[in-house]
Amino acid sequence: MEKITLYQKPTCTTCKEVFQILKEMNADFDAVDYFTDPIPKAKLKELIRKLGLPVEELIRKKDQLFLDLRLGEKQLTEGQWLDLLAIYPDLLQRPIVEQGEKAAVARPARKIREFLMPAVPVVPHDTRI
């Protein structure tokens, strides 16, 4: 199993819950406090690709900073959003978990269990019996 990376704000309640769940599951993971160790723009782009979401979906639109900067009134490019996320990490949805070629926003915290559980294939029921 590939190592998990948890991108978090350690004071965030949901981040704390996800951290605890990972510990309880004995998961092999690294926790990155992206406020003290900022996520480079190239890594943010990679995470966006792995999440399969447009960058706008990773923005905390209810955050006071989002409101203060009046970002809801602006049409920004992906590059501009990435620049803002590099400057203002509080705008990034959290926590984000990454493992190999996949990533997810673990909000609510229980989503981490779904993320880590392998998909169970559905076997069609044979009705000829």
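We did not get these values from a lab; they are worked out from the coordinates using the rules stated. Computed from a predicted model, the values in this text were never measured in an experiment. Don't worry about glycine lacking a Cβ; one is built from the backbone with ideal geometry, like all the others, and counts go over all protein chains shown.
For segment 12-114, which strands (runs of 3 or more DSSP E) that fit wholly inside it have 1 or more residues that are among the acidic types (Asp, Glu)? Ranges flagged: 29-33, 96-99. Per the listing THR36, THR14, the residue uniquely out of contact with any helix residue (DSSP H, G or I) (no Cβ under 9 Å at 6 or more places or on another chain) and touching a residue at least 24 places away in the same chain (Cβ under 8 Å) is THR14.
As for segment 77-89, it holds at least one residue that is within 16 Å of LYS9 (Cβ to Cβ), touching a residue at least 60 places away in the same chain (Cβ under 8 Å) and not acidic (Asp, Glu). Cβ-Cβ contacts under 9 Å between residues 6 or more apart (or on different chains), taken from a first residue in segment 42-59 that is touching a residue at least 40 places away in the same chain (Cβ under 8 Å) to a second residue that is among the charged types (D, E, K, R) and assigned to a helix (DSSP H, G or I), are listed as LEU51/GLU57.
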